[in-house]
Each structure stands twice: as structure tokens, then as C-alpha cells.
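Written out below as C-alpha cells is the structure these notes cover.
All of the numbers you see were taken from the coordinates with simple rules; none came from a lab. Being a predicted model, the structure only gives us computed values, none of them experimental. All Cβ positions, even for glycine, are placed from backbone atoms using ideal geometry, and neighbour counts span all protein chains on display.
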Amino acid sequence: MSNQYVIVPQNYRSDSMVSISPADKRYFEQAQAKQKSPPQQMMFGGYSPSPSLQKTLSTQLSEQSIDEFGRMQKDSDTELVVQYILQLRDTEKREQALSELSKKRESFPHLAPLLWHSVGTIAIFLQEIAVVYQHLQPAQLTPAQSSRICSVLGLLQCLALHVQTRSCFLRAHIPLFLYPFLNTSNKSKAFENLRVTSLGVIGALVKGDDPEAINFLMQTEIIPLCLRIMKKGQELSRTVATFIVQKILLDDNGLNYICQTPERFFAVSQVLQTMIDDLHQSQKDDQRLLRHIIRCYLRLSENQKAGEVLKKYLPQVLKDPTQSFIKDEVVKKWHNNLLQNLSIK
């Protein structure tokens, strides 16, 4: 690691990187001094790792992660997860460790805090991401490389979802590292998986309706990137990108931002219209994508100025209140509310 470097955005805060501080070091020294038993028997919140793992933990995890670690259920799975995190520092074991940790995202609820507070882990993730940049142009990403980076992105999604790490994740501006992946247009499976998984990280940020996440994204280029994917992307990436725009619109600040200028409003509405026309002309039954599109239209109609313009530019196929290609009952209700807001009968 000492001879390898990570490329970061200009506005990336270097103080966001995790490192062992003097306070952390003193904590471990004081904790060991208070123990009646020898240091190798030191307990972390009631959980006692094996002596070898205990020694590594006491030098590589911060005080906050130790507290979190102590609240975990005592089982072999906990120790296994920590071992995988430590194996990330071994370049020969890293790929397997990334894969195994990615599989633990849903079954191990404390994974995100351990990842964030373990020393060097976030830097390793950024290093893995930076290595892929050189394969984007020209497009040379292999399925194996795509699978590996998708494991990293899956773990970033875990960090974006967790309430204890989401704010840190945003303050470190980590989403910006994923934007080059969203700006690709290659239609191969390797690149599509890369785009979908990157969108999944952004989707995790907006899933909880967190105003901090929405405000952060509005200050970046995520809306134009999503609109591009919505217009030209493949099925799954279009759906996730539309979901992200929908969640931004559902936030009051997000709605006001998009409706603030004609350019922003028309950029969104024209892409939505293109998607509706594509679905109608191809007769493709994609109810999930249609659900997000209708919800976007309904939210735009709730802005007075946007609603006045939308009444004229709403796709003709959606002006029919009995439109048969809308099958979901909830979406039918949204469609009727949309027509009522626009005074279309």
C-alpha cells in the first residue's frame, strides 16, 4: 500500500480518511490497564475474540467500532467478518475477501460500521475504484474486473444505507468517485453491471428520504447523469436511474430545484416523455419502470408553474384516463390524480 496511490476529487476531504488517532491509542492503553486479567484476555463489550485476532483488532479498529463490535452477538460469523476485513490488506486475498464481505451485506447488520472504522478499508475501496478508471476509455472492462469492482460497490451501498455511516459517506464525497462509471455508454454486460451497481449506491442514499443526501446530490451532476441513462440506458439501469430522480422530486427542495428553471424542468419532462413513448410503441410491459415514471409526473404536477406547462406537454397516451397499459392499481390512482391536478378529463 505504501507505494500505491488513490486518485481523489479536488473537493475530497483528506481528513475524512480513517486513521488511528492518539486518542484511540490512549483508549486501548487505558482499557488494557483497567483489565484485571492479562491484556490478551481483554474483552470488547462482552465479546472476546481469539488472542491473535484480539491483538490485531486492538491496533486496527477505532474506539467507535469497538463499541459497536461489543454489541454484536457472540458467534463465529462475527469473527469471520473481521477476518475478511483484515484480509483486504493482503492483495492476494483481497478479491476473495471482497466477494465474501459483499455476501454478508444483508445478513450482518453491523458490517457498515466495521468497514468504515477499520483502518485503511475505505482507502482500499477507493484504490480499487481508481484502478478501473483506466479501463473505461477505451472500453476494456472484463467480466472478472466488473465482478470485482461490483463487490466493492456493493459494500459502498452498505455504507450508504446504514444510519451510522451515511453522513460520513457523504461528507467524504465518496459518491463522486462513482460518476465516471455512470458516464459510460458501452452496452456490454460488464459495463451494464457496473452502471447498475453504481446506481444502486446512489439509490441507497436516497432510499431513506434523507434531506442531507438529497441536498448533496443536487449539488453534483447526478441528475444529468441519471437523465442520460433514463433516455439511452438498458432496462434495469433505466429503472434505477428513474427511481433516483423520483426520490429527488419527492423532496421539497428537490422539486423546487428541478422546477426552478425551464431548462431543468424540460430536461426531466422530455426524458420522461421519451420513456413513455418507448414503452407505448414497443408494447413492452414494464410496470416497475412505468410506476416510477408516473410518480415523477405526479410530483411535477404538484408544482404550480410546472403543472401549467405539463398540461400542454404531457404525452398524449397519458391523457386517456382509461389507459389500459397501466395495470397496477396504485399507479392507476396516481395517474388519475395526475389528470386531476392538470385538470384533464
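Observations on the model:
- Charge-dipole axis of the range 220-345 as Lys and Arg at +1 and Asp and Glu at -1 on Cβ define it, positive-most pick from Asn336, Gln260, Gln270: Asn336
- Prolate/oblate/rounded label for the range 125-265 (Cα gyration tensor, a/c 1.5): oblate
- Descending semi-axes in whole angstrom, ellipsoid equivalent of the range 281-345, from the Cα gyration tensor: 19, 12, 11
- Loop trypsin sites (Lys or Arg not before Pro), the range 129-202, which have at most 16 other Cβ atoms in a 10 Å radius of their Cβ (DSSP): Lys187
- Over the range 267-345, Cα pairs under 8 Å with separation of 6+ residues give a relative contact order of 36 percent.
- Length gained when the stretch Thr91-Ser167 is fully extended (0.36 nm per residue, less Cα-Cα span): 24.5 nm
- Debye log10 I(q)/I(0) for the range 194-269, one point scatterer per Cα, at q = 0.15, 0.22, 0.25 Å⁻¹: -0.45, -0.97, -1.22
- D_trans [Stokes-Einstein, Kirkwood Rh over alpha-carbon pairs] for the range 102-186, 25 °C, 0.890 mPa s, µm² s⁻¹: 181
- Alpha-carbon geometry of the range 237-345: the Rg and the Dmax are 12.8, 35 Å, given in that order.
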